[in-house]
1. For the condition of a type in the set (A, V, I, L, M) and either closer than 23 Å to Leu70 by Cβ or at pLDDT 95 or above (or both), what is the one hit in Leu94, Leu147?
2. In the list Leu29, Leu51, Leu95, Leu55, which residue meets the criterion of being open to solvent by less than 50 Å² (accessible area, probe 1.4 Å), in a helix (DSSP H, G or I) and more than 24 Å from Arg129 (Cα to Cα)?
3. Can you pull out every residue in the stretch 15-26 that is open to solvent by 10 Å² or more (accessible area, probe 1.4 Å) and in contact with a helix residue (DSSP H, G or I) (Cβ under 7 Å, 6 or more places away or on another chain)?
4. Name the one entry in Arg68, Arg60 that is touching a residue at least 40 places away in the same chain (Cβ under 8 Å), open to solvent by 30 Å² or more (accessible area, probe 1.4 Å) and among the basic types (Lys, Arg).
Amino acid sequence: MHPQHHTLFIDYCAYFNGNADYFECHEVLEEYWKDIAPGDKNHPLVGYVQLATGLYHWRRGNFTGAVRILQKALANFQYNVDHAFLTEMDYEKLLTLLKDTICAIQIGKSFQAFQLPMTPALQELTAVRIQFLPTSSYDYLLHKHMLRDRSHILAERQESKQRKSRR
């Protein structure tokens with residue numbers, strides 16, 4: 001099986017192209033990345049996470065954060081030009097969309113979603129998954145990060161601080 005045909009990558013593509021739920025894109029792909037390349041910050045899955053995160057920031061009006069993270073995604077994809085995780089995308093079109101998006105943000109344009117330029121095989125797999133996505137309101141997608149339970153994240157941060165202070 002091609003690594004971009006993995007269920008979690010298909011979920012990422014479905015959330016991205018289906019209902020523009022970039023927060024969920026981040027969640028599912030981070031899980032896949034931690035499973036196959038934990039700690040490898042140069043892995044292309046990190047670039048895809050950065051892409052979704054940048055669009056999430058842009059939609060929320062954080063233009064500076066959006067540009068910063070999208071530039072990292074662009075650098076990641078350029079670094080990984082021949083990687084298997086970019087073969088099921090139209091690579092040149094992906095880079096063009098990313099560069100155009102960065103420029104649009106820099107000149108102050110309002111958020112505008114775009115579709116991942118996938119091969120027909122990945123597009124077909126994604127289309128099946130999109131049929132099962134929930135419908136979400138714009139406000140829900142805009143504020144989704146504030147609606148989740150963050151207690152485990154805060155506990156991990158506190159524990160990390162305590163470990164560092166004991167050193």
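1. Details: Leu147 fails: either closer than 23 Å to Leu70 by Cβ or at pLDDT 95 or above (or both).
Selected residue: Leu94, the only one of Leu94, Leu147 that is of a type in the set (A, V, I, L, M) and either closer than 23 Å to Leu70 by Cβ or at pLDDT 95 or above (or both).
2. Residue meeting the stated conditions: Leu95.
3. Within the stretch 15-26, Tyr15, Asn17, Gly18, Ala20, Phe23, Glu24, His26 qualify.
4. Just one listed residue meets the conditions, Arg60.
Residue-by-condition table, conditions (1) modelled with pLDDT under 95; (2) of a type outside the set (Asp, Glu); (3) more than 19 Å from Pro3 (Cα to Cα):
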position: Phe77; (1), (2), (3): no, yes, no
position: Val81; (1), (2), (3): no, yes, no
position: Asp90; (1), (2), (3): no, no, no
position: Leu98; (1), (2), (3): no, yes, yes
position: Ala104; (1), (2), (3): no, yes, yes
position: Ile107; (1), (2), (3): no, yes, yes
position: Phe111; (1), (2), (3): no, yes, yes
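The values are calculated or read from the model by the stated rules, or taken from the named source; none is laboratory data. As the structure is a computational prediction, the values presented were derived from the model and not from experiment. Don't worry about glycine lacking a Cβ; one is built from the backbone with ideal geometry, like all the others, and counts go over all protein chains shown. Keep in mind that these areas ignore ligands, DNA and RNA; they rest on the heavy atoms of the full protein, side chains included. Shrake-Rupley method; radii C 1.70, N 1.55, O 1.52, S 1.80 Å.
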